[in-house]
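The values are calculated or read from the model by the stated rules, or taken from the named source; none is laboratory data. Being a predicted model, the structure only gives us computed values, none of them experimental. For neighbour counting, all protein chains shown are included, and Cβ atoms are generated from backbone atoms with ideal geometry for every residue, glycine included. For the accessible areas, the whole protein counts, side chains as well, though only heavy atoms, and no ligand, DNA or RNA atoms are used. Shrake-Rupley method; radii C 1.70, N 1.55, O 1.52, S 1.80 Å.
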Amino acid sequence: VGELDRAVTDLGLRGLKLGPFYQNIHPMDERLQQAYRFCQERGLPVLFHMGTNPIRQCPLKYTLPILLDEVAIAYPDLVMVMAHLGHPWERDALVTVRKHPNLYADVSALHYRPWEFYNTMVLAVEWGVTHKILFGSDFPWSTPAATMEAMRKINSIAGGTNLPKIAGEVIEGIIGRDTLATLNLK
């Protein structure tokens, strides 16, 4: 907490990123509680790297999106973002985001798997949570331009079928959403 305070006061820190599976720590580990309280009290959002990763030493059990349900229950005013929509557990991510007013998710790294990305967006529409999905590009592995292009072409996967289409305004809403305002950042 001392380092967080210094980073906010001296360096202008505006949010915290955690990677529970990189750090080999459960998101509700007692060592994180003070950091959550600090961030909640100061209105600092916390971005969680959630979802799979090929690094063998990183335990996947700490990256399951549903674990953020516990954090959101304990800290209801803490603004949180679940990176990568928790891939490949997007369904769990969507229902968790739906449940908590201050929990969001981003689409970074999803367009690498077009079929899964399409299905995730269909589910997001069905669950009524597209307003809680933020744009993210996974830079430097992808660019904002490449991510936007993939998002705008998402319905091509359903071309010539009776599969549902994602409305253009949903896609443009995610791309154009004012993330800073959504996360209460100035």
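You will find that of Ala93, Ala105, Ala109, the residue that is surrounded by fewer than 24 Cβ atoms within 10 Å (Cβ to Cβ), in contact (Cβ under 8 Å) with a residue 24 or more places away in the chain and among the small types (Gly, Ala, Ser) is Ala109 and no other.
Residues checked against (1) of a type in the set (S, T, N, Q); (2) under 19 Å from Asn119 (Cβ atoms); (3) exposed (fewer than 13 other Cβ atoms within 10 Å of the Cβ); (4) without any contact (Cβ under 8 Å) to a residue 12 or more places away in the chain:
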site: Pro144; (1), (2), (3), (4): no, no, no, yes
site: Thr147; (1), (2), (3), (4): yes, yes, no, no
site: Ile157; (1), (2), (3), (4): no, yes, no, no
site: Thr161; (1), (2), (3), (4): yes, yes, yes, yes
site: Ile166; (1), (2), (3), (4): no, yes, no, no
site: Val170; (1), (2), (3), (4): no, yes, no, no
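Could you tell me whether the range 50-64 includes any residue that is among the aliphatic types (A, V, I, L, M), under 21 Å from Thr182 (Cα atoms) and either buried (at least 22 other Cβ atoms within 10 Å of the Cβ) or modelled with pLDDT under 95 (or both)?
Checked against the condition, which is being among the aliphatic types (A, V, I, L, M), under 21 Å from Thr182 (Cα atoms) and either buried (at least 22 other Cβ atoms within 10 Å of the Cβ) or modelled with pLDDT under 95 (or both), the range 50-64 yields at least one hit.
It is to be established whether one or more residues within the range 30-43 are under 15 Å from the mean Cα position of the chain (by Cα) and not β-branched (Val, Ile, Thr).
Scanning the range 30-43 turns up no residue that is under 15 Å from the mean Cα position of the chain (by Cα) and not β-branched (Val, Ile, Thr).
Of the helices (runs of 4 or more DSSP H) lying entirely inside the range 133-186, those containing at least 1 residues that are hydroxyl-bearing (Ser, Thr, Tyr) are 144-152, 179-182.
Of all residues in the range 172-184, none satisfies the criterion of being touching a residue at least 60 places away in the same chain (Cβ under 8 Å), touching a helix residue (DSSP H, G or I) at 6+ places or on another chain (Cβ under 9 Å) and open to solvent by 40 Å² or more (accessible area, probe 1.4 Å). Within the range 10-27, being open to solvent by 50 Å² or more (accessible area, probe 1.4 Å) and closer than 17 Å to Met82 by Cβ holds for Lys17, Tyr22, Gln23, His26.
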